[in-house]
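Here's the structure we're looking at; comments come further down.
Each reported figure results from applying straightforward, stated rules to the coordinates on display, with no laboratory input. All values reported here derive from a predicted model rather than from experimental measurement. All Cβ positions, glycine included, derive from the backbone under ideal geometry; neighbour counts span all protein chains shown.
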């Protein structure tokens, strides 16, 4: 698999020594043995969603390039983008309704369009997983509960769900490490 992740491997080399655990974890969680219970499509869709949600362009570019090289199709990429986008909205809204002390907000209609959830263009389980990944990064407990419950209902194992969240955790951490090094990378390029 080392040759298969050429873009991610190159990006790993940019990580500082302080992030050496991330260097080890990044390839592991994207590999079949590092993400038990997930298909290759689910692994790459989760990684794309996490990279979009983490907002670090060089990481997103590397993940997308390697995902494509591994055969990830347009529908998965678009579903990952859609999950990241709709969860950016939902996670703010539902985190508010969950955390605010006035319970009346929980009974009010959201009045937010979320049509993509009903027709994501990929299997519902995959989209639910991508939505869980974004929700984990964005820290919305209500959304995490909802998506984890839906995945359980659809037969996804706890181990597979954990694999998706591990991908989210590592990809987000890599984005943080890269972002911390960004001013240094810009000075070195000049």
*What is the percent of Cα-Cα separations in the stretch 3-189 that go past 25 Å?*
34
*What relative contact order, as a whole-number percentage, does the stretch 106-190 give when Cα pairs under 8 Å and 6 or more residues apart are counted?*
25
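Work out, step by step, the length gained on full extension between residue 152 and residue 88: first 0.36 nm times the residue separation, then minus their alpha carbon distance; give nm to one decimal.
20.8 nm
Restricting to Cα pairs below 8 Å that are 6+ residues apart, what does the relative contact order work out to for the stretch 35-160? Please round to a whole percent. All intermediate terms of the calculation are to be shown ahead of the outcome.
Values: 126 pairs, mean separation 43.8, N = 126.
So the answer I get is 35 percent.
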_I'd like the distance between the alpha-carbon centres of the stretch 1-61 and the stretch 84-101, rounded to an integer number of Å._
26
*Does the stretch 65-154 come out rounded, prolate or oblate by the C-alpha gyration tensor, with a ≥ b ≥ c the root eigenvalues, rounded set by a/c under 1.5 and, if not, prolate when a/b is larger than b/c and oblate if not?*
prolate
*So how far apart, in nm, are the two label points at residue 159 and residue 111 if each is 7 Å from Cα heading toward Cβ?*
4.7
